[in-house]
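The values are calculated or read from the model by the stated rules, or taken from the named source; none is laboratory data. Just so it is clear, the structure is predicted and the values come from calculations on it, not from any experiment. Glycine gets a Cβ as well: all are built from the backbone with ideal geometry, and neighbour counts include every protein chain shown. What goes into the accessible areas is simple: the full protein's heavy atoms, side chains included, and nothing from ligands, DNA or RNA. Shrake-Rupley method; radii C 1.70, N 1.55, O 1.52, S 1.80 Å.
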Amino acid sequence: MKINLVMIVKNEERSLRRCLKAARPLVDEIIIADTGSSDRTREIAREMGARVVEFAWVNDFSAARNFALEQSDGDWNLVLDADEYLRPCSRKGLEKVLKGRQGMWLGGIIRYDSYRDQEGISQSTSVLPRLLPRGVRYTGMIHEQPEGQYPCYQVPLAADHDGYMVADKGERNLVYLEEAVAKYPKDGYYQFQMASTLRNLNRLRDSLEYFRGFYRLAEADGGYRAGGVVLYLYTLLDLGTGECLDEAAGIVEKEESVLGNWSDFCFVCGLFYMKRVLSDVEKYIELLPNIEKCWLKCLRLGERPEMGGVVGTGSFKAAYNLGAWYEVSGQEELAVKYYREAAKEGYEAAKGRLREMRRK
């Protein structure tokens, strides 16, 4: 069995060496298509043993990916970006998994994305189809996806991704996404990517049109749908108007039976009920117990990185929110209990609240 690493790159001298060093023990050959680097990217790639080919950029990520894949003779092709770093894995164990399943299928890897937010640095996970059998190609000019209706099964590969920490490609991607949405107006995936990009650029009001389009068009089994629903809810809560909260209420009610066993969904539902009650305490007081119920359910569900979502919604973030809830409602013993639970996992906000409570 031959496993090749196939990449497209441009000006990746910051991270490429680390990426290739982590992946090299798992692959037989490294093929890199450079799309016009002006730094030391090509030199670093060759130093690390890669075969470098040149591809003239044509504003189409799938075209570049497919050109790179055509240079590979691997039975399986591992596709990474230069800011993704594989965690240690046994080649023997990986081969065992690949040989254990028949037919055409895609291998999903867990990616841990680090990003900055109001709390400092957070992480989220997603399962991405990145181990492709020979012959599979990409489609889509941006946020490209493997072409064909192949099932995706998780393989024992995980990667850390730090790209969001050093560069925001939202403005760059927006140009491609506007073209893609105009060309494929009924594609729920492009609607989601457009909404997500606008949200990340803090254009929340502009993103709503595309979140609504995504929600209307996305297929029920689309791998991006669950995360899109949660981002849609966060956007409505961030805007916080009465109309947005009404819209969120309808989504929460509709999706409870679909996403109710996922901690990310339950976590945002807890935030929704809190905002809903605070918006009109007299009108929505009966929803008050739902806040506690949602975050307790998050802890029961626990962390499930293979399901995707924000790290902590099934553990320390939910525990901290419960602590805060119990503290403001005068239940000090329970507040300390859940703050301690979050603090044990290294959550600095919980440690800070415990210190404040001791001073009192």
Notebook entry, point to check: Any idea what angle helix 348-359 forms with the longest principal axis of the chain, computed on alpha-carbon atoms, 0 to 90 degrees, nearest 10?
Noted result: 30
Notebook entry, point to check: When only Cα pairs under 8 Å and 6 or more residues apart are kept, what is the percent relative contact order across the stretch 58-188?
Noted result: 34
Check: Which angle between 0 and 90 degrees, to the nearest 10, do you get for helix 61-70 versus the longest principal axis of the chain when only C-alpha atoms count?
Finding: 40
Note to self: Taking 8 Å as the Cα distance limit and 6 or more residues as the minimum spacing, I'd like the relative contact order of the chain as a percentage.
What the structure shows: 11
Check: How many nm is it between the label spots at Asp117 and Tyr164, if each spot is 7 Å from the Cα in line with the beta carbon?
Finding: 0.8
Next item on the list: Would you pull out the residues with amide H under 5 Å of Cys152's amide H, same chain only if 5 or more places away, H placed 1.01 Å from N?
Entry: Leu106
Checklist line | Paramagnetic reach from Asp60 in the stretch 134-166 [backbone N under 12 Å; point 7 Å along Cα→Cβ] | finding: 138-142
Next item on the list: Figure the gain on full extension for Lys96 and Met1 (residue separation times 0.36 nm, minus the Cα-Cα span) and round it to one decimal in nm.
Entry: 33.1 nm
Next item on the list: Multiply the residue separation of Thr139 and Glu178 by 0.36 nm, subtract the distance between their alpha-carbon atoms, and state the gained length in nm to one decimal.
Entry: 12.4 nm
Next item on the list: Report the paramagnetic label zone for Arg358: residues of the stretch 324-345 whose backbone N is under 19 Å from a point 7 Å from Cα along the Cα-to-Cβ axis.
Entry: 324, 327, 332-345
Check: How about the stretch 193-222: which trypsin sites (Lys or Arg not before Pro) there lie in a loop by DSSP and see at most 15 other Cβ atoms within 10 Å?
Finding: Arg203
Item checked: ³J(HN,Hα), Karplus 6.51/-1.76/1.60, whole Hz, each residue of the stretch 174-187, x for Gly, Pro -> 4, 4, 5, 5, 4, 5, 5, 5, 5, 6, 10, x, 9, 8
Check: So what are the ³J(HN,Hα) numbers for the stretch 8-24, from phi and the Karplus equation (6.51, -1.76, 1.60; θ = phi - 60°), rounded to whole Hz, Gly and Pro as x?
Finding: 10, 9, 7, 6, 10, 5, 4, 10, 4, 4, 4, 4, 5, 4, 6, 7, 4
Checklist line | Sites Arg205 and Met104 - FRET efficiency at Förster radius 45 Å, r taken between beta-carbons, to 0.05 | finding: 0.55
Checklist line | Burial ranking of peptide ranges 298-305, 329-336 (average Cβ count within 10 Å, highest at the top) | finding: 298-305, 329-336
Check: Relative to the Cα centre, what is the charge dipole magnitude of the chain, using +1 at the beta carbon of each Lys and Arg, -1 at the beta carbon of each Asp and Glu, and rounding to the nearest 20 debye?
Finding: 1100
Item checked: Ile285-Met48 pseudo-label distance in nm [points 7 Å out on the Cα-to-Cβ vector] -> 6.2
Checklist line | In range of the label at Asp28: residues from the stretch 113-156 whose backbone nitrogen is under 20 Å from the point 7 Å along Cα→Cβ | finding: 130-137, 156
Next item on the list: Could you run the Karplus curve 6.51 cos²θ - 1.76 cosθ + 1.60 with θ = phi - 60° over the stretch 328-336 and give me ³J(HN,Hα) per residue in whole Hz, x for Gly and Pro?
Entry: 6, 9, x, 9, 5, 4, 5, 4, 4
Next item on the list: Using only Cα atoms, tell me the angle between helix 288-301 and the longest principal axis of the chain; keep it within 0 to 90° and round to the nearest 10.
Entry: 40
Item checked: Per DSSP, loop trypsin sites (Lys or Arg not before Pro) in the stretch 1-55 with at most 13 further Cβ within 10 Å -> Lys2
Check: In square angstrom, rounded to the nearest 10, how much accessible surface does Ile110 have for a 1.4 Å probe?
Finding: 20
